[in-house]
1. If you go through the stretch 117-137, how many residues are at negative phi and at pLDDT below 90?
2. State which residue is nearest to the chain's Cα centre (by Cα) when the search covers only the stretch 61-72 and only residues that are closer than 13 Å to K196 by Cβ and surrounded by fewer than 13 Cβ atoms within 10 Å (Cβ to Cβ).
3. Out of the stretch 174-185, which residues are of a type outside the set (S, T, N, Q), buried (at least 24 other Cβ atoms within 10 Å of the Cβ) and not in a strand (DSSP E or B)?
4. Residues that are under 27 Å from the mean Cα position of the chain (by Cα), among the aromatic types (F, W, Y) and surrounded by 13 or more Cβ atoms within 10 Å (Cβ to Cβ): does the stretch 143-156 have at least one?
5. Condition first: hydroxyl-bearing (S, T, Y) and within 25 Å of the chain's Cα centre (by Cα). Now tell me which residues in the stretch 86-133 satisfy that.
6. Does at least one position in the stretch 153-165 carry a residue that is part of a loop (DSSP other than H, G, I, E, B), in contact with a strand residue (DSSP E or B) (Cβ under 8 Å, 6 or more places away or on another chain) and under 19 Å from P187 (Cα atoms)?
Amino acid sequence: MTSDLPLDEHARAQGIDVERRRWLTLTSMAGAAAAAATAVPFVSSFAPSERAKAAGASVEVDISSLAPGELKVVEWRGKPVWIMHRTPEQLAELEQIPGLADPASNRSDQPDYAKNTQRSIKPEVLVAVGICTHLGCSPVNVAKGSANPSVPADWPGGFFCPCHGSTFDLAGRVFANKPAPTNLEIPPHFYLDDSKLLIGEDQAAKA
């Protein structure tokens, strides 16, 4: 049997606290709305970002505009990779730098093309990971003739790690009696053509 009483009055007749029921209903609705509002960003946080998906990917680099003596930095697997166009004078000096701890890169697992004086596929182009092999600090480029007191007066140019004092020449070779145990890492790479590098894959190079 149905009642002709309005819903609220009918509820009161049943002994139901109408105001309390109304507040419970509103509260439930607000909670559901809040849950819906937060659901999308929360779930999206599980989806891998473009940066994360690209973390292990190879990186293509155009070096056609890299001038002699210039250094370019790109990111690969979250690491800074230095690409330096060395001048003929810098290459000549690499042949006669004394005091290197590992001039032939025999102490570390390096690509075959890193086991030469230039430590590179193309003599003029250095491709190296810009992270000190001591404790993972980031060295800085210190040019020949710099007034930096942390390098010797006859400094030939290269890289200096300000954290613990390791020094590297322009081929990334560490000087003796420094904290860094090995030369800078040479990442796998090869040339797609004369002006494009692919960092992250180790294939037969197009020299």
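1. 2
2. My answer is D62.
3. Within the stretch 174-185, just L184 meets the criteria.
4. no
5. Start the filter on the stretch 86-133 by keeping residues that are hydroxyl-bearing (S, T, Y), which leaves 87, 105, 108, 113, 117, 120, 133.
Listed by number, the residues that qualify are S105, S108, Y113, S120, T133.
6. No.
Yes/no matrix, rows are residues, columns are (1) within 19 Å of T87 (Cβ to Cβ); (2) touching a helix residue (DSSP H, G or I) at 6+ places or on another chain (Cβ under 6 Å); (3) outside the structural domain of V73 (by TED's automatic domain parsing); (4) of a type in the set (S, T, N, Q):
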{"residue": "S108", "(1), (2), (3), (4)": "no, no, no, yes"}
{"residue": "R119", "(1), (2), (3), (4)": "yes, no, no, no"}
{"residue": "L135", "(1), (2), (3), (4)": "no, no, no, no"}
{"residue": "P149", "(1), (2), (3), (4)": "no, no, no, no"}
{"residue": "P156", "(1), (2), (3), (4)": "yes, yes, no, no"}
{"residue": "G172", "(1), (2), (3), (4)": "yes, no, no, no"}
{"residue": "P181", "(1), (2), (3), (4)": "no, no, no, no"}
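The values are calculated or read from the model by the stated rules, or taken from the named source; none is laboratory data. Worth saying up front: this structure is predicted, and the values here are computed from it rather than measured. No Cβ is skipped: glycine too gets one built from the backbone with ideal geometry, and neighbour counts run over all protein chains shown.
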